Amino acid sequence: MASFGVTLRSAIYLTGQVLSTLLLGPVMLLMTPFSFESRYAAANLWVRFNLWMLEHVCHLTYRVVGREHIPEANGGLIFCKHQSAFETIALQAIFPPVVFILKQELLRIPVWGWAMATLEPIAIDRQAKSQALKQILRDGVARIQAGRWVVLFPEGTRVAPGEKGNYGSSGGMLAHRAHCLVVPVAHNAGEYWGKNGFLKYPGIIEIHIGPALDGAALGVAELNRQAEDWVESTMSRISGQAPNDERSRA
């Protein structure tokens, strides 16, 4: 059971997150006529504020291992494990500018969804799988060619720590079609901020970035295999590191 301190700090963070969304959301809508770069810079204020709140209120921060593997040129595919909401925030600070592949219904969330729509995500209908794949390939190539990082969660949804979902093939297909680099990312954020979780436990999240794979040189199946193997082998090394004794004292 979480301590009172963890519960209180998590509540303070949630309050700050909601208020910052209500404040910045309308600003993002007003900035619709501005360039993508301007809108992204404004949205990054929200990202930095929320990371600051996590560090100074929840005592939850992160460290990046393998930052040298991030290509100098922008534009490519981020092939990332999905465990919590944390990585959707942190990736924006590590790999700017990023765009997300997400469910259409998320853009209908008042304020947050409207603001997210101004950042040109790839919003798909997950029920229409064939059409969704065509959209990912078409819009993904366009975003990558525009110098943006497309974030793909290959398991399609958040998975709990220690679990593994079925990896889809769209990542390799997109990278091969765009002739772009694929950067695999593994992390243990779910051990501190669970799936759909309210509580944020103190600690240091490990984010590991692997060597980039060349979508122009590798076939679709090989791209997916190598990216999945790297992510899952790294997960086996960094999972289970959350300090339970620290949680009990928090």
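Where a number appears in this text, it was derived from the coordinates with a stated rule and is not lab data. Just so it is clear, the structure is predicted and the values come from calculations on it, not from any experiment. As a convention, Cβ positions derive from the backbone with ideal geometry for all residues, glycine included, and neighbour counts pool all protein chains shown.
Since only Q226, F153, P110 are under comparison, the one whose Cα sits farthest along the positive direction of the charge dipole of segment 4-249, derived from C-beta charges on Lys, Arg, Asp and Glu, is P110. Computed from backbone phi, the HN-Hα couplings of segment 198-204 come to 8, 7, 10, 8, x, x, 10 Hz, rounded to whole numbers (Karplus: 6.51 cos²θ - 1.76 cosθ + 1.60, θ = phi - 60°; Gly and Pro given as x). In summary, the aspartates and glutamates within cross-link reach of K200, defined as a Cα separation below 18 angstrom excluding same-chain residues under 8 places away, comprise E55, E87, E191, D245, E246.
For segment 122-219, GluC sites (Glu not before Pro) are listed when DSSP marks them as loop and at most 13 other Cβ atoms sit within 10 Å of their Cβ; the list is E163.
Taken about its Cα centre, segment 4-249 carries a charge dipole of about 500 debye when Lys and Arg each add +1 at the Cβ and Asp and Glu each add -1 at the Cβ. Applying a DSSP loop filter and a limit of 15 other Cβ atoms within 10 Å to the trypsin sites (Lys or Arg not before Pro) in segment 34-132 leaves R126. Listed by chain and number, the lysines whose C-alpha is less than 24 Å from the C-alpha of K103, apart from same-chain residues fewer than 8 away, are K81, K129, K134, K164, K195.
Please work out how much length the chain gains when fully extended from E232 to S130, using 0.36 nm per residue of separation minus the C-alpha to C-alpha distance, in nm with one decimal. Walk me through the intermediate numbers first.
Numbers: separation 102, 0.36 × 102 = 36.72 nm, distance 2.70 nm.
This chain segment gains 34.0 nm when fully extended.
Checking (1) 14.9; (2) 12.9; (3) 16.2 against mean projected area of the Cα convex hull in nm² calculated from these atoms, the matching label is (2).
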